[in-house]
Amino acid sequence: MMATPSPMERALALARDAASRGEVPVGAVVVGADGVVLAAESNRVEELNDPTAHAELLAIRAAGRVLGSPRLVDCDLHVTLEPCPMCAQAISFARVRRLYFGAADPKGGGVEHGPRLFGQPTCHHRPEVYSGIAETESADMLRAFFRDRRG
């Protein structure tokens, strides 16, 4: 019997798929309070010609549709890369309970780098944040993607 992949393992698989489609390799999975996966998405910026089609936003939107609510109270988000400021704000607006992410993003991150959105006084909801989950695999995948793009 095969073990069910963890949410981060699933996010990593989605990130690998994104890379194979020429997208920045980021995957995101939203898990409900009962542990059931509500949504699983990868970056689709190039495919959709949409600068907001980040994995986190797509997963949050899909989970909201499943729940019939814009608020993902008691839901957790697992993502392979530190969310950017846009995604971090959406995570706050969605009232995500916990954020788990893999690789840090010193240049574009919005959680532990850049504006550190959840630490701002104007941020009304702050999820619990757990970083460094599958960090090496996430970071290696991103480095390889950008190295191959540079040729």
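Any residue that is among the polar types (S, T, N, Q) and either over 21 Å from Ala139 (Cβ atoms) or buried (at least 18 other Cβ atoms within 10 Å of the Cβ) (or both) - is there at least one of those in the range 16-37?
In the first step, residues of the range 16-37 are kept if they are among the polar types (S, T, N, Q); the result is 20.
Then keep just the ones that are either over 21 Å from Ala139 (Cβ atoms) or buried (at least 18 other Cβ atoms within 10 Å of the Cβ) (or both); that gives none.
No, the range 16-37 contains no residue that is among the polar types (S, T, N, Q) and either over 21 Å from Ala139 (Cβ atoms) or buried (at least 18 other Cβ atoms within 10 Å of the Cβ) (or both).
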Does any residue of the range 119-127 turn out to be basic (Lys, Arg) and free of Cβ contacts under 8 Å to residues at least 12 places away in the same chain?
no
Selected residue (criterion: farthest from Gly27 (Cα to Cα)) from residues of the range 128-143 that are surrounded by fewer than 13 Cβ atoms within 10 Å (Cβ to Cβ) and in contact (Cβ under 8 Å) with a residue 12 or more places away in the chain
Glu128
Any chance Gly114 is surrounded by fewer than 14 Cβ atoms within 10 Å (Cβ to Cβ), over 19 Å from Glu137 (Cβ atoms) and not aliphatic (A, V, I, L, M)
no
Across the range 63-107, the tally of residues that are open to solvent by less than 30 Å² (accessible area, probe 1.4 Å) and in a loop (DSSP other than H, G, I, E, B) stands at 7
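The values are calculated or read from the model by the stated rules, or taken from the named source; none is laboratory data. Given the structure is predicted, the values throughout are model-derived calculations rather than measurements. Backbone-built Cβ (ideal geometry, glycine too); neighbour counts: all protein chains shown. Surface areas here come from the heavy atoms of the whole protein model, side chains and all, with no ligands, DNA or RNA. Shrake-Rupley method; radii C 1.70, N 1.55, O 1.52, S 1.80 Å.
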